[in-house]
Amino acid sequence: MSPSPKGFARREWGRLHTTVRTALVTRRWRAVPMTLAAVCLTSVFQIVQNQHWGYQPVQDIGSVRAEDPLWLALLRTPLSLFVPALDLPVWGALAQILLVFGIAEICLGRWRTLGLAYVATLAGTLYARVGIALGPDHPLGLPATDAQVVDTGPSAAVVGLAVYVCWRYGARWTGALVVVAMGVEVLVKNNLAGKEHLAAIAAVLVVVAVQSRRERRGPGQRGRESRPGTRSWKPPMMS
C-alpha cells in the first residue's frame, strides 16, 4: 500500500515543522535575530548601491570577481552574501534569506548557520577560478569572460543551507529535489551562477559526509571526544 500524502508529509517535514513552529510560537522574532539582521543588512546594501554615491563603496567591500586577487576575493566574500545582484529583483534575495536563513538559524543555531553559509559561498567563489582555468571546453569549465562577472548574493549559501538542514532533519526527498533542481538549472542555463550552486552543494555534502562518518564511530571514540573538559555537539537523532 502506498503511503498517504499526509503520512509522507509527516515523515518528511514533521520534525522540521515542529522545531520551527515551536521556536516561532515561544520566542517569535527573538528566535531569528541573525536572520533579521541579515535582511536589514541586505536591504541597506540594496539602497546604498543604487545611489550614485554608493555603488562604488558597496563594490569595494562586497563585490567579488574571479579576476580579482585571491586575497581580495576572500576578504570580500563574507559580505558578498548580503549584496544583492543588480540584475535580479531584491525581494528574491530578501525572501531567500528570511525563509532559509531563518529555518537554519532555528534548527542549527546562528553560528553554525553562518559557518555553513560561508563555506557554501566560498566554494562557489573558488570554483569560479577553477572553472575559468579549465576553460569552456571542459564539462566543469567556464568561459574567460566569466572572470569579470560580479558574483554577489545569498543564493549559494541558501542552496547549501537548504541541503544541510534537509539532511539533518531527515527531509531526504526535499534535499534530493533541491539538488536535482540545481542540476536542471545548469542544463537549462549553463552559467556561472548555476555551476556555483552545484559547487556549494558539493561543499556541503563533504561536510555531511564528514559528520556522518564521525557519528558512525564507535562508542569508545565518541566517549573520548566527549570527556570532561571538552565541548561536544550532539546532533538531533534522525527520524
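Where a number appears in this text, it was derived from the coordinates with a stated rule and is not lab data. Note that the structure is predicted; figures quoted are calculated from it, not measured. Backbone-built Cβ (ideal geometry, glycine too); neighbour counts: all protein chains shown.
Just need the relative contact order of the range 31-85 here, percent rounded to a whole number, with Cα pairs under 8 Å and 6+ apart.
36
When only C-alpha pairs under 8 Å and at least 6 residues apart count, what is the relative contact order of the chain, in percent?
21
Taking one equal scatterer on every alpha-carbon of the chain, how large is log10 of I(q)/I(0) by Debye at q = 0.10, 0.16 1/Å?
-0.54, -1.21
For LEU88 and VAL48 in one chain, what is 0.36 nm times their gap in residues minus the Cα-Cα distance, to one decimal in nm?
Going from the current span to full extension adds 12.8 nm.
Determine the gain in length on full extension of the stretch GLN148-ARG27; use 0.36 nm per residue of separation and subtract their C-alpha separation, reporting nm with one decimal.
So the extension gain works out to 39.2 nm.
Among rounded, prolate and oblate, which fits the range 106-225 when a ≥ b ≥ c are the square roots of the eigenvalues of its C-alpha gyration tensor, a/c under 1.5 means rounded, and a/b larger than b/c means prolate?
prolate
Using only Cα atoms, tell me the angle between helix 5-27 and the longest principal axis of the chain; keep it within 0 to 90° and round to the nearest 10.
Here the helix axis deviates by roughly 80 degrees.
Give a quick list of chymotrypsin sites (Phe, Trp or Tyr not before Pro) in the range 18-95 that DSSP marks as loop, anything other than H, G, I, E or B, with at most 10 other Cβ atoms within 10 Å.
Passing both the DSSP loop test and the Cβ count: TRP53.
Would you calculate, for the chain, the mean residue ellipticity at 222 nm contributed by helices, counting each DSSP H stretch of 4 or more residues as -39,500 (n - 2.57) and dividing by all residues, to the nearest 500?
Only helices count here, giving -22000 deg cm²/dmol.
Hey, can you rank 199-207, 131-139, 107-115 by average C-beta count inside 10 Å, highest first?
Ranking, from highest mean packing down: 199-207, 107-115, 131-139.
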